[in-house]
Structures are given as C-alpha cells and as structure tokens.
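Asks: Can you keep this structure in mind? I'll have questions shortly.
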Amino acid sequence: MKEFSVRRLTLSAMLMAVGMLLPFLTGQIQHIGNMLCPMHLPVFICGMVCGPFWGLAVGAVLPLLRSMPVLMPAAFAMAFELAAYGFVSGHLRKKLPKTLPMLFVSLICAMLLGRIVWGLVSVPLYGMAGKAFGWQIFMTNGFINAVPGMI
C-alpha cells in the first residue's frame, strides 16, 4: 500500500490549500484569473509529486470546494478536467524517464487530455442547464483563452 502514506496525504492537503488560495491572488481581475487558471498548477504538482491517485483526488475535489453553488455546472466540468490533469500528469511522470523534456511531455499531454475531458463533460452538463455549448465555445474557452495559463 505504497500509494497511501502520511507524507503523500500531507503534501496533497497542502497543495489543495494552495489551490484554494491561488485564485484569490488572480481573482480580483476576473479576466486575468480565468486566463491564468491558478487552480491547475497545484493539481499538476500533486500528480507528479504524490502520484496519479492523489492528483486525481485533489483535482476532483478542489473545484467543488472552491466554487459557489451558482457555478455548479462549471465546477463539475472543472472537477473532471482537474482530475484528469492530476491523474495523467502523475501517471506519465511515473512511466516516463525523469528528465526535464519528459516533464514537459507529461504536462502537455495532461493539459490536452484534461481539456478534452472538460469539453466532453461540459456538453451534457451545460445542456441539462439549458445553456449552449458547442465546438466554438469548446475551442475558445478550452484552448484559445487558456493559452496564457498553459504557458
């Protein structure tokens, strides 16, 4: 049961706390906060440092704790997205060689797969909420507007 340890639990809790606090720094200007995606960084770090299970757990819980009830469709979609980020980054970091180029490969793959998961989950969630969510919204919000945060 190597995956569960007090060290990993503690690091995951600390990274979740960082994920709760970071949006306060960028959230004062909503447009900048949405572009920089501050909650994503602790989830990536958690996946890579603590492993895919912990990255998935922190990524799934963090947006739900951070959101307000008004934002629930967005929070649920983001929970799936961040869970994918944490799991994929942790899994690839575990499987690929521990070099700097492979670290970037892990991050890029996690970002792309997480954004795809976000889009796939957003379609039914926003549909149930009576809001439109099409290809153009997916590309704009998922990739074009998020480029500064991805970089």
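The values are calculated or read from the model by the stated rules, or taken from the named source; none is laboratory data. Since the model is a prediction, treat every value here as computed from it, not as a measurement. Note that each Cβ is placed from the backbone with ideal geometry, even for glycine, and that neighbours are counted across all protein chains shown.
Asks: Out of all the residues in the range 54-66, is one or more in a helix (DSSP H, G or I), closer than 30 Å to LYS131 by Cα, β-branched (Val, Ile, Thr) and modelled with pLDDT of 85 or more?
Replies: Yes: one or more hits.
Asks: For the subset of the range 68-127 comprising residues that are surrounded by 15 or more Cβ atoms within 10 Å (Cβ to Cβ) and of a type in the set (Lys, Arg), which member is farthest from the chain's Cα centre (by Cα)?
Replies: That would be ARG93.
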